[in-house]
1. Look through 59, 117 and report the one residue that is modelled with pLDDT under 70 and either loosely packed, with under 10 Cβ neighbours inside 10 Å or over 29 Å from the mean Cα position of the chain (by Cα) (or both).
2. I'm told residue 3 meets every condition in (1) assigned to a helix (DSSP H, G or I); (2) modelled with pLDDT of 70 or more except one. Can you identify the failing condition by its number?
3. Could you check residue 35 against (1) part of a loop (DSSP other than H, G, I, E, B); (2) modelled with pLDDT under 80 and say which number it fails?
4. Kindly indicate whether any position in segment 71-80 is over 28 Å from the mean Cα position of the chain (by Cα) and exposed (fewer than 13 other Cβ atoms within 10 Å of the Cβ).
(Lines give C-alpha, C1' and ligand atoms only; values in the text may rest on other atoms or scores of the structure.)
Protein backbone atom coordinates (compact mmCIF):
# COMPACT_ATOMS: atom_id res chain seq x y z
CA UNK A 1 0.00 0.00 0.00
CA UNK A 2 2.87 2.33 0.78
CA UNK A 3 4.40 1.64 -2.62
CA UNK A 4 1.19 2.63 -4.34
CA UNK A 5 1.00 5.93 -2.51
CA UNK A 6 4.70 6.61 -3.23
CA UNK A 7 4.18 5.89 -6.93
CA UNK A 8 1.10 8.12 -6.97
CA UNK A 9 3.01 10.95 -5.30
CA UNK A 10 5.97 10.56 -7.65
CA UNK A 11 3.58 10.55 -10.63
CA UNK A 12 1.90 13.74 -9.43
CA UNK A 13 5.28 15.36 -8.78
CA UNK A 14 6.55 14.47 -12.26
CA UNK A 15 3.35 15.84 -13.87
CA UNK A 16 3.73 19.04 -11.89
CA UNK A 17 7.36 19.42 -12.98
CA UNK A 18 6.40 18.73 -16.61
CA UNK A 19 3.68 21.39 -16.56
CA UNK A 20 6.02 23.92 -14.93
CA UNK A 21 8.72 23.27 -17.52
CA UNK A 22 6.25 23.72 -20.39
CA UNK A 23 5.00 26.94 -18.78
CA UNK A 24 8.56 28.23 -18.49
CA UNK A 25 9.22 27.32 -22.14
CA UNK A 26 6.07 29.18 -23.27
CA UNK A 27 7.07 32.21 -21.23
CA UNK A 28 10.55 32.19 -22.78
CA UNK A 29 9.03 32.16 -26.27
CA UNK A 30 6.68 35.07 -25.47
CA UNK A 31 9.59 37.23 -24.22
CA UNK A 32 10.82 37.66 -27.79
CA UNK A 33 9.56 40.88 -29.38
CA UNK A 34 7.08 40.55 -32.22
CA UNK A 35 8.27 41.61 -35.67
CA UNK A 36 7.16 45.10 -36.73
CA UNK A 37 4.05 45.29 -38.92
CA UNK A 38 4.59 45.73 -42.66
CA UNK A 39 4.50 49.24 -44.02
CA UNK A 40 1.19 50.32 -45.52
CA UNK A 41 1.07 51.26 -49.17
CA UNK A 42 -0.95 54.18 -50.44
CA UNK A 43 -3.47 53.20 -53.10
CA UNK A 44 -4.38 55.42 -56.02
CA UNK A 45 -7.94 56.53 -56.52
CA UNK A 46 -9.66 54.38 -59.14
CA UNK A 47 -11.90 55.53 -61.97
CA UNK A 48 -15.53 56.24 -61.09
CA UNK A 49 -17.96 53.52 -62.18
CA UNK A 50 -19.42 53.87 -65.66
CA UNK A 51 -22.91 52.82 -64.48
CA UNK A 52 -25.08 55.01 -62.26
CA UNK A 53 -27.90 53.32 -60.37
CA UNK A 54 -30.87 55.58 -59.71
CA UNK A 55 -33.81 54.83 -57.50
CA UNK A 56 -37.30 55.19 -58.99
CA UNK A 57 -38.65 58.70 -58.58
CA UNK A 58 -35.18 60.15 -57.94
CA UNK A 59 -35.27 62.31 -61.06
CA UNK A 60 -37.47 65.36 -61.00
CA UNK A 61 -40.08 65.29 -63.72
CA UNK A 62 -39.64 61.60 -64.49
CA UNK A 63 -43.37 61.08 -63.97
CA UNK A 64 -42.97 57.63 -62.40
CA UNK A 65 -45.23 56.88 -59.46
CA UNK A 66 -46.96 53.97 -57.73
CA UNK A 67 -50.23 54.49 -55.89
CA UNK A 68 -51.82 51.74 -53.81
CA UNK A 69 -55.50 51.61 -52.85
CA UNK A 70 -56.24 49.53 -49.74
CA UNK A 71 -59.41 48.46 -47.99
CA UNK A 72 -59.13 47.06 -44.44
CA UNK A 73 -55.43 46.30 -44.91
CA UNK A 74 -55.85 44.41 -48.20
CA UNK A 75 -54.57 45.82 -51.48
CA UNK A 76 -57.48 46.40 -53.85
CA UNK A 77 -55.69 48.18 -56.70
CA UNK A 78 -52.22 49.42 -57.60
CA UNK A 79 -51.89 52.31 -60.06
CA UNK A 80 -48.50 52.49 -61.79
CA UNK A 81 -47.52 55.54 -63.80
CA UNK A 82 -44.37 54.92 -65.82
CA UNK A 83 -43.58 57.82 -68.10
CA UNK A 84 -46.62 58.61 -70.23
CA UNK A 85 -48.27 55.20 -69.64
CA UNK A 86 -50.56 54.40 -66.72
CA UNK A 87 -51.69 50.90 -65.90
CA UNK A 88 -53.53 49.18 -63.05
CA UNK A 89 -52.82 45.93 -61.22
CA UNK A 90 -55.60 44.19 -59.32
CA UNK A 91 -55.10 41.10 -57.13
CA UNK A 92 -57.09 37.97 -57.96
CA UNK A 93 -59.80 36.85 -55.59
CA UNK A 94 -58.72 33.80 -53.61
CA UNK A 95 -61.26 31.00 -53.32
CA UNK A 96 -61.74 29.53 -49.85
CA UNK A 97 -58.45 28.78 -48.14
CA UNK A 98 -56.35 28.74 -51.30
CA UNK A 99 -53.11 30.66 -51.54
CA UNK A 100 -51.59 32.21 -54.67
CA UNK A 101 -49.94 29.50 -56.76
CA UNK A 102 -52.15 26.70 -55.41
CA UNK A 103 -53.97 24.33 -57.75
CA UNK A 104 -57.25 25.68 -56.37
CA UNK A 105 -56.40 29.34 -56.93
CA UNK A 106 -57.14 31.06 -60.20
CA UNK A 107 -54.60 32.36 -62.71
CA UNK A 108 -52.88 35.65 -61.88
CA UNK A 109 -54.39 38.75 -63.42
CA UNK A 110 -52.40 40.83 -65.86
CA UNK A 111 -51.92 44.56 -66.03
CA UNK A 112 -54.93 46.59 -67.22
CA UNK A 113 -54.86 49.84 -69.17
CA UNK A 114 -57.71 52.29 -69.56
CA UNK A 115 -58.89 52.64 -73.13
CA UNK A 116 -57.15 55.37 -75.16
CA UNK A 117 -54.57 56.02 -72.42
CA UNK A 118 -51.81 53.72 -73.64
CA UNK A 119 -49.00 55.62 -75.33
CA UNK A 120 -47.99 53.94 -78.59
CA UNK A 121 -45.20 56.45 -79.17
CA UNK A 122 -47.13 58.54 -81.66
CA UNK A 123 -47.45 62.30 -81.60
CA UNK A 124 -50.18 63.62 -79.37
CA UNK A 125 -52.67 66.18 -80.55
CA UNK A 126 -52.41 69.49 -78.74
CA UNK A 127 -55.39 70.29 -76.52
CA UNK A 128 -57.10 73.66 -76.83
CA UNK A 129 -55.73 74.97 -73.51
CA UNK A 130 -52.17 73.83 -74.28
CA UNK A 131 -52.16 75.31 -77.80
CA UNK A 132 -52.89 78.81 -76.43
CA UNK A 133 -50.10 78.54 -73.85
CA UNK A 134 -47.51 77.44 -76.44
CA UNK A 135 -48.17 80.46 -78.69
CA UNK A 136 -47.52 82.99 -75.89
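The values are calculated or read from the model by the stated rules, or taken from the named source; none is laboratory data. In this text, all values refer to a predicted model and were calculated from it rather than measured experimentally. Methodologically, a virtual Cβ is constructed for each residue, glycine included, from the backbone with ideal geometry; neighbour enumeration extends over all protein chains shown.
1. Values: 59 fails: either loosely packed, with under 10 Cβ neighbours inside 10 Å or over 29 Å from the mean Cα position of the chain (by Cα) (or both).
The match here is 117.
2. Condition not satisfied by residue 3: (2).
3. With respect to (1) part of a loop (DSSP other than H, G, I, E, B); (2) modelled with pLDDT under 80, residue 35 is out only on (2).
4. The first filter runs over segment 71-80 and keeps only residues over 28 Å from the mean Cα position of the chain (by Cα), leaving 71-72.
Right, trim to exposed (fewer than 13 other Cβ atoms within 10 Å of the Cβ) and you get 71-72.
There is at least one residue in segment 71-80 that is over 28 Å from the mean Cα position of the chain (by Cα) and exposed (fewer than 13 other Cβ atoms within 10 Å of the Cβ).
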